[in-house]
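Here is the structure we will look at.
The numbers here are math on the coordinates, done by the rules we state, and not lab data. None of the values given here were measured: they were computed from a predicted structure. Positions of Cβ are backbone-derived with ideal geometry, glycine not excepted, and every protein chain shown enters the neighbour counts.
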Amino acid sequence: MTDLKGPRDDRWYLSLMSPNTKGPQFAWLDPTSIYINAAAFEDLLDDLIADLQGVSFDVVGGCDAMGFVLGAGLAARTGRGFLPIRKAGKLCVDTDHVSFTNYSGRTQDMEMRQPAFAPGTRVLLADQWIQTGGTMEAAIALVQRQKGIVAGLVTIAMETCAATDAFAARFPVAAAVVPGSRWQRDCDAQNLSSFVTYEPSRTFPTAGRSAAP
């Protein structure tokens, strides 16, 4: 694949993310347009895998729901298995569950099949976006209850707050939004500068062509 990334700070595919058009009950932006564009998704996975160099893991755990997309992509690219960590009531096998408060302030339960892996298994946890940290903290607890080792966290972006600072102190973290970059500053302000020129057609699926500017 042609190298389209440019400087490390300038991860072009982040400009494909779309602003919220449905009101305050939804997240402030939608990163899923990266997934549907082949060039963007490939470059996202390339960057995250490069950032995970030196992190050893046996399986990728993805948080319901959009963490499934990111986690499964990483698992397939790295030759690992994929473990879904689901919202409660979705799995038809024995499960363990943890309650948490999500970004909207609602209390939810996350669950994981039991048993899911042998003790000592190294699990890389993936979620599309880490904002308040509640979902990821629940996933960490579920892995550790089964005596798994949390090998690291991977995400498109991790907003800056006390909870996410604590994650970075405890685990290796790979994020497409690089800490200290202009994208990180935008994410922390919850307003991407790229929203000004956002055009939905740039996110349309690609077939052998690049969507980079």
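See the values below:
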| read-out | value |
| --- | --- |
| DSSP-assigned coil residues among trypsin sites (Lys or Arg not before Pro) in region 132-213, each with at most 11 further Cβ atoms within 10 Å | Arg209 |
| For region 12-110, size of Cβ-based charge dipole, Lys and Arg +1, Asp and Glu -1, in debye | 360 debye |
| Three-way shape label, region 1-113, alpha-carbon gyration tensor, a/c 1.5 | oblate |
| Separation between Cα centres of region 29-43 and region 132-189, rounded to whole Å | 20 Å |
| Ordering of 46-55, 152-161 by burial proxy (mean other Cβ atoms within 10 Å per residue, highest first) | 152-161, 46-55 |
| Cut-off 12 Å between beta-carbons: net charge of the residues surrounding Asp94, Lys and Arg +1, Asp and Glu -1 | -1 |
| Against the rule of thumb 2.2 N^0.38 Å, how large the Cα Rg of region 57-196 comes out | 1.03 |
| Cβ-derived FRET efficiency at R0 35 Å, Ala189 paired with Ala50, nearest 0.05 | 0.85 |
| Choice from Gly23, Gly89, Gly67 with maximal GNM fluctuation in the chain (Cα, 10 Å cutoff) | Gly23 |
| Spin-label pair Ala162/Glu199, simplified geometry with 7 Å Cα→Cβ offset, distance in nm | 4.5 nm |
